[in-house]
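Notes follow once the structure below has been shown.
Taken together, the values in this text are just the output of simple stated rules run on the coordinates, not laboratory data. Predicted model only: the values in this text are computed from it and were never measured. Cβ atoms come from the backbone with ideal geometry, glycine included; neighbour counts cover every protein chain shown.
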Amino acid sequence: MIASLGSLLRSRAAFVRAAAVARPSAALVSGSLPSTAVAGGPVTAAATLPPRRGFAGISDEIIPENIVQHAYTTGGKKYLPGFSFPAPRRLEQIVKYALLEREPPAKIKEIWNMYHDGRLDCVATTWSKEEFEGIQERKRRCPRFVYPVHKGDGKFFNLVAEWQDKYCIFTFLDDYRRNPTRAEPYLSVALFDDFLDRKGLVLVRGDFSGHLLKRDAAHLVNLMRYFYFAEPKWVEAFNTDPAGFNFDTYLRECPPPPPVGSGAAGKVDRPV
């Protein structure tokens, strides 16, 4: 499933034509819940985090005391295809909302980021009102985009992402080509705008399956913000002028992931 640059470029034209006419598909998030992860690649075993010791300085019981990682990050077993929305739909499913909303924006950001930094199954950050509104406006006009996932030695595979309301679903490109309605989500990014009006803050969380490592998911969330907010020319070209979307030039200009072992690997950018 990992393709060389040459083989990806040979398939670029067919994909661009398909992406230009493909309709948004709610069925990308249909099916049954996964229970195991794909074999072949480093997968971190699931774990239960110790209650509260990893969250020093948080006085209220905002964070659930017993945090169990997703079942589908365990294992080395084969992935079970077809599953439902791989992310919480409401903020109340993640934190104790009534307590969190009492905090000032800076404290909410600190709690949200600290909580997710220790997780094995998801990544998170926060966006400002300006970032959220800019991305919202652009994703309405440009609902799809393609992202490379680097695996070292010049090899990578591509995911195609599709926005559906306040969620962005990333699936394997070849699966999407074959049948968009049955493509498995590798990553689901949820935007929680509960505090947008009162706090000027949007909470962002990306839940990923065993097909990805945490550093892969973090880099994908970084790229999503970069291309939909900071540097949108490639997103605009991909959606509005697919014939003019030059895939090899895009790859050269696409920001690479941080080096493995660096402090930035596995962390989502958090602009002040």
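Taking the Cα centre of the stretch 108-201 as origin, sum charge times position over the Cβ atoms of Lys and Arg (+1) and Asp and Glu (-1), and report the length of that vector in debye to the nearest 20.
Here the stretch 108-201 has a charge dipole of around 320 debye.
Residue separation times 0.36 nm, minus the C-alpha to C-alpha distance between Glu231 and Lys155: what's the value?
Taking 0.36 nm per residue and subtracting the Cα distance, the gain is 24.9 nm.
I'd like the FRET efficiency for Asp248 and Glu110, computed as 1/(1 + (r/R0)^6) with the beta carbon distance as r and R0 of 41 Å, rounded to 0.05.
Rounded to the nearest 0.05, the efficiency is 0.50.
Mind scanning Lys96/Lys233; Lys166/Lys233; Lys96/Lys214; Lys107/Lys139; Lys107/Lys166 and naming the pairs with a C-alpha gap bigger than 32 Å?
Lys96/Lys233
Any idea how far apart Glu137 and Leu99 come out in nm if each label point goes 7 Å out from Cα toward Cβ?
Reported label-point gap for Glu137 and Leu99 is 3.9 nm.
What is the gain in length, in nm to one decimal, between Arg198 and Arg90 on full extension, counting 0.36 nm per residue of separation less the C-alpha to C-alpha distance?
The span from Arg198 to Arg90 would gain 37.1 nm if fully extended.
Report the local net charge at Glu137: Lys and Arg +1, Asp and Glu -1, summed over other residues whose C-beta lies under 13 Å from its C-beta.
Surrounding charge for Glu137 is +1.
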